[in-house]
Amino acid sequence: MRAAFVVSTPKSGALRALNYSPVIEALRGRALFGGSQRLGSLLRSMGPSYGAVFTRLDCDRSLGIELLSQSDMFAAEPYGRSIRSDSLPTPENHCIQSGQVLMAGAGTLGETELYGRSIIADQRLVNKFVGPDAMVLTFNEPESDISLYTYAFLCTKLGIACVRSTSYGTKVLRFRPDLLRDLPIPSATPSVVKRVAGCIRKCISLRQDYARELQSAREPLEQFAEVQEAIGMCNSRTARCIAWDGELVTLSAWNYASMGQALSYLQKKWPSRLRDALTGSIEYGGRYSRIPCDAPFGVDFLTQRDVFLIRRVPRRIVRPPGSGSELFVSDNMILLAACGQLEIGRA
């Protein structure tokens, strides 16, 4: 939606209309009466690795460090690319510490884009590494109420719009550190700040509980002797040639040889198949027109990426024709990422 407004103090360093917002101008006006404060005044450092250029040298996961992309930072289970630590000129600038705020720092202004969105580092992300597209904010007091309150503001719809107003570029936008540092953060009463900070702490705790409980559920399965043997068969990333003595369901060699001997080994060890455990059918989602609309009208449309994000960014569309069973996810339904590439770390 287009807007027209008057800026009281235009800056010679920011001549683009994108860099001005009526909300930010109003917050700057409140700063004269103690109603807001600059983001930079709360930070110890901002973006030490932002825009860094380096060559990624892939290696085995046991020998390297885990580099997270923008999508990996927001994933429910962050799983990045393994590279050699000497790929980074200054690895300490890229290493994630607890309480840091990670911002997606490259993209477009699309409604469902990750660009401009923030996530606070919990134990799922700590000691992993970010790339040049992540803007990392380190607060003076990372776990204090005011720091968590500021993070909560950056996650709001208004906060995301304010962050995006600090952009520069044409096709792929990035942040201007000087404008981002000067971003006004609205003040609140101590009771509100404390209540918001408490909610953020609970959110962080629940995210960590989710990751821990999910890993606990997997461990018994991964300890099976058959699973350990199969993992050893398909762990190495090499070209494979196998002799297949089973039924040829397809003509694609990938369906049989991608796991080496592991697939035929498990089929002989385990007589049960996936279809034996299913009470319903296996099918792709339907095809229909995606007509945008605004809430409360329509329904939230989740892409494959959204399904695996810790905080979804759905698109609002007019409800397509069809019954509820064809459109909506029901309890205990299993969703698989069914379209993409074979790159490690992809959904």
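The values are calculated or read from the model by the stated rules, or taken from the named source; none is laboratory data. Nothing here was measured: the structure is a model prediction, and the numbers come from that model. Heads up, the Cβs are rebuilt from the backbone with ideal geometry, glycines too, and the neighbour counts pull from every protein chain shown. These accessible areas exclude ligands, DNA and RNA; they are computed on the full protein's heavy atoms, side chains included. Shrake-Rupley method; radii C 1.70, N 1.55, O 1.52, S 1.80 Å.
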Item checked: Selection from the range 138-166 of residues that are under 25 Å from GLY80 (Cβ atoms) and touching a Lys or Arg at 6+ places or on another chain (Cβ under 9 Å) -> THR138, PHE139, PRO142, GLU143, LEU154, CYS155, ILE160, VAL163
Check: Restricting the range 130-143 to residues that are touching a residue at least 24 places away in the same chain (Cβ under 8 Å) and over 20 Å from PHE175 (Cα atoms), which is surrounded by the most Cβ atoms within 10 Å (Cβ to Cβ)?
Finding: PRO142
Next item on the list: Just need a number here: residues in the range 193-216 that are touching a residue at least 12 places away in the same chain (Cβ under 8 Å), open to solvent by less than 50 Å² (accessible area, probe 1.4 Å) and farther than 19 Å from VAL126 by Cα.
Entry: 3
Notebook entry, point to check: Pick from GLY246, GLY280: which is part of a loop (DSSP other than H, G, I, E, B) and under 33 Å from the mean Cα position of the chain (by Cα)?
Noted result: GLY280
Checklist line | Flag for SER289 being of a type in the set (Gly, Ala, Ser), out of contact with any helix residue (DSSP H, G or I) (no Cβ under 7 Å at 6 or more places or on another chain), open to solvent by less than 90 Å² (accessible area, probe 1.4 Å) and part of a helix (DSSP H, G or I) | finding: no
Notebook entry, point to check: Taking GLU219 and the conditions (1) at pLDDT 90 or above; (2) surrounded by 11 or more Cβ atoms within 10 Å (Cβ to Cβ), which numbered condition does it fall short on, given that it satisfies the others?
Noted result: (2)
Item checked: Count of residues meeting criterion [out of contact with any helix residue (DSSP H, G or I) (no Cβ under 7 Å at 6 or more places or on another chain) and open to solvent by 60 Å² or more (accessible area, probe 1.4 Å)] in the range 153-190 -> 8
